[in-house]
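Asker: Have a look at this one before I ask anything.
The values are calculated or read from the model by the stated rules, or taken from the named source; none is laboratory data. Source: prediction; values computed, not measured. With ideal geometry, Cβ positions are generated from the backbone for all residues, glycine too; neighbour counts draw on all protein chains shown. SASA here: full protein model, heavy atoms, side chains in, ligands and nucleic acids out. Shrake-Rupley method; radii C 1.70, N 1.55, O 1.52, S 1.80 Å.
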Amino acid sequence: MNTITDTLYYFMYIVVELTILFLAISTLVGILLMYIPQEKMNRWMTRKGIFGNIFGAIVGALTPFCACSTVPMTVGFLEMGISFGAVMSFVIASPLLNPIIIGMMATVMGLKVTIVYFFVTFIASIVFGIILEKLGFKKYLKKVRVKGGNTRENVPVQFGQKFKKAFSGAWEDYRSVLAYLLVGVAIGAVIYGYLPQEFIVKIAGPDQFFAIPIASIIGVPLYIRAESAIPIGLSLMDKGMSTGAVMALIIGGAGMAIPEMTMLSSIFKKKLVATMVVVIFLTATIGGYIFNII
């Protein structure tokens, strides 16, 4: 009976906490983006060399994380003549570094974990963007044109209207991910209440060297959205799973969102899509070992 009570309490507490975080951070970012003209973000990404990749990753971290936003923006950037490497840095960073993930992770997993996660994924976005351009993967782009894919709706003038518009967008985003969040928290609550700690430590504890690549392999095809993965990861960490294995699972699942990969296949040839899967796997695995070392 105590276990049931603890499990239900964990479920309710995490759901309420993540709901407040999601709506607050989404609204704040929505307002912030209204003050940053799209043209300015485009100019950032046209910088030459590594600076284009850096700003590509930054824009990916700031912009909406939904695939229906990421893919049209990707096409728009390519049409503008922004370097292929900078666009790839944007594509890699967009699902991994959105403010929702960072805010949720900082709250439930701690600031240290979040800082390491941010730098691992941010640097990976830059490095792999450069590598893909140097290796000539631009030739695996399809000739596709999406008109108006890089435009935004008219921005309200008054702050009150901006807030209302941003909160409305945040609420719609929240509704779209609510099912994933509830499923993730429910699984996390069951793990928290019922899964034996000894079992987790035995198969995925800090001393299990192959736990990280296995978690990466599981995460990539599994596709657990970050909203689901973070509460699950928190429960697994509480039970003794190594931080590296948990982060590998989160990066693999969040970085290879099936809807996004499906939409990207409309503008990327199969070889480039497959390469993106490898990039996320390597990011998850390398990042996992870095977490365990730190």
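Asker: Using the beta-carbon distance between THR46 and ILE123 and R0 = 30 Å, what value does 1/(1 + (r/R0)^6) give for FRET efficiency, to the nearest 0.05? Could you put the intermediate results ahead of the total?
Answerer: Working: r = 22 Å, r/R0 = 0.72.
After rounding to 0.05, the efficiency reads 0.90.
Asker: Something else about it: Separation between the SER265 and ILE218 pseudo-spin-labels, each 7 Å from Cα along Cα→Cβ, expressed in nm?
Answerer: Reported label-point gap for SER265 and ILE218 is 2.5 nm.
Asker: What's the extension gain from VAL190 to LYS138 if we count 0.36 nm per residue and subtract their Cα-Cα distance? Display every interim value, and only then the final one.
Answerer: Numbers: separation 52, 0.36 × 52 = 18.72 nm, distance 4.52 nm.
Extending this stretch completely gives an extra 14.2 nm.
Asker: With r as the distance between the Cβ atoms of ALA274 and LEU111 and R0 = 35 Å, compute the FRET efficiency 1/(1 + (r/R0)^6) and round to 0.05.
Answerer: Numbers: r = 36 Å, r/R0 = 1.02.
Between LEU111 and ALA274 the formula returns 0.45.
Asker: In addition: Can you give the FRET efficiency for TRP171 and THR3, using 1/(1 + (r/R0)^6), R0 = 35 Å, r = Cβ-Cβ distance, to the nearest 0.05? If you can, show how the numbers build up before the last one.
Answerer: Details: r = 35 Å, r/R0 = 0.99.
The value I calculate is 0.50.
Asker: A further question on this structure: Heavy atoms of the protein only, probe of 1.4 Å, neighbouring chains included. What is the accessible area of THR5 in Å², nearest 10?
Answerer: 80 Å²
Asker: Calculate, in nm to one decimal, what PHE210 and LYS164 gain on full extension: separation in residues at 0.36 nm each, minus their alpha carbon distance.
Answerer: Using 0.36 nm per residue and subtracting the Cα-Cα distance, I get 11.7 nm.
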